[in-house]
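Bear in mind that the values in this text are calculations on the coordinates, not laboratory data. Since we're looking at a predicted model, the values are computed, not measured. Every residue, glycine as well, gets a Cβ built from its backbone with ideal geometry; the counts of neighbours run over all protein chains shown.
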Amino acid sequence: MAVAIRGFIDRYKGSGKTGAFNWFFQRISGVALLILLLGHFYIEHFYAPGTIPTYNVVAGRLASLGWKLFDLSFVVFALWHGINGIFEFIDDYVHNGWRLFLRALFWVIGVFYLILALLTILPFSATGGING
């Protein structure tokens, strides 16, 4: 009986291998996401009242380097925060051969979305559109 209970406890106690780096930057990315989200919400809804965020308005903003950095930092922090959270869940609760596959899968998904964000945000130019 004691062996069965010990096996159950060992299986569900968490990994303990994630370390302080992931814990700390999970909190940092959460705070950064909150600040970026509030800034985004303020700019879109309160900064210029009466303007509807059309394609041309957003394209005009994305022509500036500052807005590109703002949006890319939003994407990077969101990807880090989300995928790091998934990795923590995998490390804590997946205890078989699926762990490596799932971590690799979410690395691929994260890199795919980062490339997609770069290809979406960076091509905007000062002409207010996408470079041909």
So how far apart, in nm, are the two label points at residue 101 and residue 46 if each is 7 Å from Cα heading toward Cβ? 4.8 nm
If you wrap a convex hull around the Cα atoms of the range 28-68, how much volume per residue is inside, in Å³? 73 Å³
With the radius of gyration and the Kirkwood radius both derived from the Cα set of the range 2-121, what is their ratio Rg to Rh? 1.15
Each residue of the range 61-71 in order: what ³J(HN,Hα) in whole Hz does its phi give by Karplus 6.51 cos²θ - 1.76 cosθ + 1.60, θ = phi - 60°, with x for Gly and Pro? 5, 6, 6, 8, 4, x, 5, 4, 5, 4, 5
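Just need the relative contact order of the range 2-121 here, percent rounded to a whole number, with Cα pairs under 8 Å and 6+ apart.
Working: 52 pairs, mean separation 47.0, N = 120.
Taking the mean separation of contacting Cα pairs over the length of the range 2-121, I get 39 percent.
What order do you get for 45-56, 77-88, 106-117 when each peptide is scored by the mean count of other beta carbon atoms within 10 Å, highest first? Please report the intermediate quantities before stating the final value.
Numbers: 45-56: 8.7, 77-88: 17.5, 106-117: 13.2.
Peptide ranking by packing, descending: 77-88, 106-117, 45-56.
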